[in-house]
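**Student:** Please find one structure pasted underneath; my questions will follow.
The values are calculated or read from the model by the stated rules, or taken from the named source; none is laboratory data. Only a predicted model underlies this, so the values are computations on that prediction, with no experimental measurement involved. Here the Cβ positions follow ideal geometry from the backbone for every residue, glycine too, while neighbour counts run over all protein chains shown.
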């Protein structure tokens, strides 16, 4: 097959195929007498496996991982794919936990608080399962707005601050960065609506489903690639 043939079958341009070979993602292609590359079914399978793996874990990681999996022992490749599935399972669990935490936050936000309900930084850190240093960092990043005691100057977390801290903790558990959380909290402060946070977490779940399906495809194609390689290329 020509470079264009492989590109057409794998969904890449001829230049992308050449780049993938240069990067070691595709096995080296022998040259014909006229100097043109000569590809076969293994190269198509490798290109498709890379495409699926890039969908699941990102192109940079896939460029590093796929050649190592193809060249190494079969049991190592199987174990690494299992680890990738495990990573997605863990991330999905964290997002579900974040959604449950956010639901609890919204329910508690509707309750009446008085000054005696305020928490110290240590009490709130323990309640959220985070370090006190994390709460201080969130305060510096304007995720949480606390009040200070007139006497000692100690931080006090009232109803609003506790709600903000719980939303921040829920979103951090879901893998979101400080800028995204700050934007959501600004919306909550302006409109009293945490819908954006819920939509973002639901979108993360949809993205995880897409990545899981792509990883399943990559695993099947990797199996095809390993069984199509010469015996001396990898060890069983």
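**Student:** Considering each of 129, 158, 192, 174 in turn, give the residue that is exposed (fewer than 12 other Cβ atoms within 10 Å of the Cβ), modelled with pLDDT under 80 and not assigned by TED's automatic domain parsing to the domain that holds residue 57.
**Tutor:** 192
**Student:** Can you name the number of the only condition in (1) farther than 27 Å from residue 125 by Cβ; (2) surrounded by 13 or more Cβ atoms within 10 Å (Cβ to Cβ) that residue 202 fails?
**Tutor:** Against the list (1) farther than 27 Å from residue 125 by Cβ; (2) surrounded by 13 or more Cβ atoms within 10 Å (Cβ to Cβ), residue 202 comes up short only on (2).
**Student:** Among the residues of the range 40-58, is there at least one that is at pLDDT 85 or above and more than 30 Å from residue 8 (Cβ to Cβ)?
**Tutor:** No, the range 40-58 has no match at all.
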